[in-house]
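Student: Got a structure here, written out as structure tokens. Questions coming.
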Amino acid sequence: MLTERQKSILEAVIREYVATAEPVASERIVKKYRPSLSPATVRNELLALDEAGFLAQPHTSAGRVPTDKGY
């Protein structure tokens with residue numbers, strides 16, 4: 001089960017990925033969607049979403065992209 005914060009971050013990743021077709025970094029989420037959170041907090045949530053199968057990280061230094069489960 002996802003927390004409300006995880007749901008909102010997942011939604012932000014999906015919106016950004018659909019708009020740009022590029023992996024989404026934590027800084028972009030903070031600047032555009034969740035300014036009340038730190039990039040480290042967003043990175044931790046992105047990792048949790050990745051481990052749950054909702055996101056994938058195409059490269060070590062890249063942001064995340066939604067998986068079929070994430071959509």
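The values are calculated or read from the model by the stated rules, or taken from the named source; none is laboratory data. As the structure is a prediction and not an experimental result, all values here were calculated from the model. Neighbour counts run over all protein chains shown; Cβ positions are idealised from the backbone, glycine included. Protein only, heavy atoms only, side chains kept; ligands, DNA and RNA dropped before computing areas. Shrake-Rupley method; radii C 1.70, N 1.55, O 1.52, S 1.80 Å.
Student: Taking the stated definitions as given, is L46 open to solvent by less than 90 Å² (accessible area, probe 1.4 Å), in contact (Cβ under 8 Å) with a residue 40 or more places away in the chain and under 12 Å from the mean Cα position of the chain (by Cα)?
Tutor: On the way: open to solvent by less than 90 Å² (accessible area, probe 1.4 Å): yes; in contact (Cβ under 8 Å) with a residue 40 or more places away in the chain: no; under 12 Å from the mean Cα position of the chain (by Cα): yes.
The answer is no for L46.
Student: Here is a follow-up. Which condition number does K31 fail, the rest of (1) in contact with a helix residue (DSSP H, G or I) (Cβ under 7 Å, 6 or more places away or on another chain); (2) open to solvent by 70 Å² or more (accessible area, probe 1.4 Å) being met?
Tutor: Among (1) in contact with a helix residue (DSSP H, G or I) (Cβ under 7 Å, 6 or more places away or on another chain); (2) open to solvent by 70 Å² or more (accessible area, probe 1.4 Å), K31 violates only (1).
Student: What residue, among those in region 1-11 that are in contact with a helix residue (DSSP H, G or I) (Cβ under 9 Å, 6 or more places away or on another chain) and part of a helix (DSSP H, G or I), is nearest to K69 (Cα to Cα)?
Tutor: Within region 1-11, the subset in contact with a helix residue (DSSP H, G or I) (Cβ under 9 Å, 6 or more places away or on another chain) is 2-3, 5-6, 9-10.
Subset that is part of a helix (DSSP H, G or I): 5-6, 9-10.
Details: R5: 18, Q6: 14, I9: 15, L10: 11 Å.
In this case the residue turns out to be L10.
Student: Any idea how many residues of region 49-71 are over 12 Å from L10 (Cα atoms) and within 11 Å of the chain's Cα centre (by Cα)? Please lay out each step first, then the result.
Tutor: To start, the set of residues in region 49-71 that are over 12 Å from L10 (Cα atoms) comprises 51, 57-63, 68.
With the extra rule that they be within 11 Å of the chain's Cα centre (by Cα), the set shrinks to 57, 63.
Looking only at that region, the number is 2.
Student: Looking only at region 26-36, which residues are without any contact (Cβ under 8 Å) to a residue 12 or more places away in the chain and in a loop (DSSP other than H, G, I, E, B)?
Tutor: Within region 26-36, the subset without any contact (Cβ under 8 Å) to a residue 12 or more places away in the chain is 31, 35-36.
Within region 26-36, P35, S36 qualify.
Student: Sticking with this one: Taking the criterion of being of a type outside the set (A, V, I, L, M, F, W, C), open to solvent by 20 Å² or more (accessible area, probe 1.4 Å) and not in a helix (DSSP H, G or I), would at least one residue in region 12-25 satisfy it?
Tutor: Going residue by residue through region 12-25, those that are of a type outside the set (A, V, I, L, M, F, W, C) are 15-17, 20, 22-23.
Remaining after also requiring open to solvent by 20 Å² or more (accessible area, probe 1.4 Å): 15, 17, 20, 22-23.
If we keep only those that are not in a helix (DSSP H, G or I) as well, we get 22-23.
Yes; the residues of region 12-25 include at least one that is of a type outside the set (A, V, I, L, M, F, W, C), open to solvent by 20 Å² or more (accessible area, probe 1.4 Å) and not in a helix (DSSP H, G or I).
Student: Provide a single number: the residues in region 49-70 that are among the β-branched types (V, I, T) and open to solvent by 30 Å² or more (accessible area, probe 1.4 Å).
Tutor: Step one: list which residues in region 49-70 are among the β-branched types (V, I, T), which gives 60, 65, 67.
Next, only the ones that are open to solvent by 30 Å² or more (accessible area, probe 1.4 Å) stay: 60, 67.
Count: 2.
Student: Identify the residue in region 15-38 that is at pLDDT below 95 and closer than 18 Å to T3 by Cβ and, among all such residues, is nearest to the chain's Cα centre (by Cα).
Tutor: Looking at residues that are at pLDDT below 95 and closer than 18 Å to T3 by Cβ, I get S26.
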